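See below for the structure under consideration.
The values are calculated or read from the model by the stated rules, or taken from the named source; none is laboratory data. What you see is a predicted model; the values in this text were computed from it and never measured. Every residue, glycine as well, gets a Cβ built from its backbone with ideal geometry; the counts of neighbours run over all protein chains shown. Accessible surface areas use protein heavy atoms only, side chains included; no ligands, DNA or RNA. Shrake-Rupley method; radii C 1.70, N 1.55, O 1.52, S 1.80 Å.
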Amino acid sequence: MSSKVKDLQSETQHAKPSQGGVLYVVSSPSGGGKGTLIRRVLDVMPDLSYSVSYTTRAPRNGEVHGREYFFVDRPEFETMVAAGEFLEWANVHGNLYGTAESQVVSETTAGVDLVLEVDVQGADSVRKLALDSVSIFILPPSLETLRQRLLSRGTDTPEQLAVRLRNAPAELSQYEKFDYIIFNDEVERASAQLAAIVTAERARRSRQEALVRDVINKFKEV
Ligand code: 5GP
């Protein structure tokens, strides 16, 4: 764990206001490094959980059903769509991906904040739902960095790699819709910035009304 993020951990232990959870919607082009940043922040932030999506994409080496994704076939996914089980879903690079509404509802109702790692279409859909959400775009420094990250992951065929790189400029052009941009040129700094966004959003007045009223009422008791 990095020292910068570790420092943030102690500062954030008591920072979660006790009302409904917030959705942190994190997007970037494929290979933008959002997965790494999210994992680092989940390690250190209290009351922050990860929404495990459903996908029709085949599992990569090392991916575990129920951890990275719930891997399902197309008919199963389409049955879930028809049953209205997704908060949002999209076709991304030729595969279907979706966020199950049940996890989002159960965690946010319990006051847990949730990270949604979705593509720009998914971010659009969540924005339209008018839930308590914050959107964050992870900006990779260059196309070459994307190519290198995808190549070193070694999981895509040359055709899949080409599709992901070809789709990147259109995904990048969506940046204006997001509340925050994190330039991911350096993992330590970028993950500290992601943790800082969560910490700052938790301090918003609108999310602390209940706490403030409690404190003010105690003042009145004396
Ligand atoms: P990958 O195949 O590399 O795991 O993911 C491809 C893209 O799909 C990434 O941009 C990822 O954020 C996005 N994605 C993953 N889960 C979801 C989801 O539930 N909904 C949407 N809309 N996109 C998702």
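Brief remarks on what is shown
- Among the GluC sites (Glu not before Pro) found in the range 133-206, those both in a DSSP coil and sparsely packed, with 11 or fewer other Cβ atoms within 10 Å of their Cβ, are Glu186.
- Taking the protein heavy atoms of the range 66-179 in the context of the full set of protein chains, the accessible area attributed to carbon and sulfur is 54 percent at 1.4 Å.
- Given their separation in residues at 0.36 nm each and the Cα-Cα distance between them, Thr36 and Asn61 gain 7.3 nm when the chain is fully extended.
- In the chain, one over the average inverse separation of all distinct C-alpha pairs is 18.5 Å, which is the Kirkwood hydrodynamic radius.
- Sites Phe183 and Lys128 - FRET efficiency at Förster radius 35 Å, r taken between beta-carbons, to 0.05: 0.85
- Under the convention that each Lys and Arg Cβ holds +1 and each Asp and Glu Cβ holds -1, the size of the dipole of the range 156-222 around its Cα centre is about 520 debye.
- Remark: the range 122-215 carries 55 Å² of accessible area per residue (probe radius 1.4 Å; ligands, DNA and RNA excluded).
- Coarse-grained scattering of the range 146-187 at q = 0.15, 0.32 Å⁻¹, given as base-10 log I(q)/I(0) from a Debye sum over alpha-carbon atoms: -0.48, -1.07
- Think of the chain as a dipole: +1 on every Lys or Arg Cβ, -1 on every Asp or Glu Cβ, centred on the Cα centre; then among Ala203, Leu172, Gly21, Ala203 lies furthest on the positive end.
- Helix 209-221 and the longest principal axis of the Cα set of the chain meet at an angle near 10°.
- Using Cβ point charges alone (K and R +1, D and E -1), the dipole size of the chain about the Cα centre works out to roughly 460 debye.
- Counting only DSSP beta bridges whose two residues both lie in the range 38-101, roughly 65 percent are antiparallel.
- Surface accessible to a 1.4 Å probe, Phe183 within the full protein complex, Å²: 90 Å²
- Of the chymotrypsin sites (Phe, Trp or Tyr not before Pro) found in the range 17-63, no site is in coil according to DSSP while having at most 15 other Cβ atoms within 10 Å of its Cβ.
- Heavy-atom accessible surface of Thr157, to the nearest 10 Å², is about 60 Å², with a 1.4 Å probe and all protein chains retained.
- The range 114-222: trypsin sites (Lys or Arg not before Pro) falling in loop per DSSP and having at most 13 other Cβ within 10 Å: Arg204
- The chain: antiparallel DSSP beta bridges as a percent of all, rounded to 5: 30 percent
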